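We did not get these values from a lab; they are worked out from the coordinates using the rules stated. Computed from a prediction, not measured in an experiment: that's the story for all the values here. Please note: Cβ atoms are built from the backbone with ideal geometry, for glycine as well, and neighbour counts cover all protein chains shown.
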Amino acid sequence: MLLIGSNVHAADPLPRVLILGDRLSQGLHGAVAKELKGRAQVVWVDSADTSYALANLDTLLGKEKWNVIHFNFGISDLCYKDPSIKGIRAMSKSVGGVRVTQPDLFRKNLIELVRRLNETGAKLIWASSPPPVIPGVAANYDPGSEIEYNTIAAQVMAEKKIPVNDLHALAVESAKEKKNPPFHEPTVKAILSELRL
């Protein structure tokens with residue numbers, strides 16, 4: 001059986017790692033899969049914002065057992081969207097865009113997502129959201145708004161005793177040094193730690 005969103009097969013005896021996150025974690029998936037080749041199967045699934053993820057979590061998780069789930073939400077929740085449609089079509093705040101998920105709903109959704117992810121039996125790792133810097137995308141965010149949502153997430157993860165992969169801090173430090181942040185390095189380390197490899 002082919003696992004969702006990947007070329008990983010259920011018959012493969014290697015531990016399974018799910019990277020659950022929005023399109024910003026798609027690039028992370030490739031580097032992590034390469035680093036863990038031969039040690040773990042790594043799958044990325046686009047989870048969009050927290051409300052979408054909650055409504056579709058069974059489909060996103062698939063039917064296979066995961067050993068580790070590395071997950072992140074925030075960037076898709078923070079963006080401004082066209083309020084006239086149900087889905088997410090980015091729209092600048094300056095022309096009437098509204099935030100996809102308000103802070104209180106983000107907290108509520110995260111608590112429920114953590115509860116449901118814990119039910120899988122997988123080891124969980126939360127990744128904080130780096131600042132949105134993709135050209136053309138960053139314009140749909142309030143500068144620094146990811147900090148508020150990372151703070152909310154950090155509180156939830158501390159309450160639930162879930163380890164945090166602080167990609168935001170890495171992005172900020174890398175920006176000071178004017179280099180691309182090596183997001184895959186702490187991610188691989190965190191996954192290997194949870195797999196005990």
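With a simple spin-label model that places each label point 7 Å from the Cα along the Cα-to-Cβ direction, the separation between LYS63 and LYS189 comes to 3.9 nm.
Any idea what the dipole of the range 16-195 comes to, in debye rounded to 20, about its Cα centre with Lys/Arg Cβ at +1 and Asp/Glu Cβ at -1?
On the way: 23 positive and 20 negative charges, 73 e Å.
Computed about the Cα centre, the dipole is about 360 debye.
Pairs from the list LYS34/LYS63; LYS34/LYS86; LYS86/LYS123; LYS123/LYS176; LYS65/LYS86; LYS108/LYS161 with a Cα-Cα gap above 27 Å: LYS34/LYS86; LYS86/LYS123; LYS123/LYS176; LYS65/LYS86. Most simply put, the range 16-195 has about 15% antiparallel DSSP beta bridges, counting only bridges with both residues inside it.
What relative contact order, as a whole-number percentage, does the range 16-195 give when Cα pairs under 8 Å and 6 or more residues apart are counted?
Working: 286 pairs, mean separation 40.4, N = 180.
Result for the range 16-195 is 22 percent.
Direction-averaged shadow area of the convex hull around the Cα atoms of the range 16-195, nm²? Write out the running numbers ahead of the final one.
Numbers: hull surface 40.6 nm².
Taking a quarter of the hull surface, the average projection is 10.2 nm².
Near SER128, within a Cβ-to-Cβ distance under 9 Å, what is the net charge of the other residues, with Lys and Arg +1 and Asp and Glu -1? Write out the running numbers ahead of the final one.
Numbers: positive: none; negative: GLU146, ASP166.
Local charge sum for SER128: -2.
Taking amide H positions as modeled 1.01 Å from N, with prolines and chain starts lacking one, no residue 5 or more places away or on another chain lies under 5 Å from THR101.
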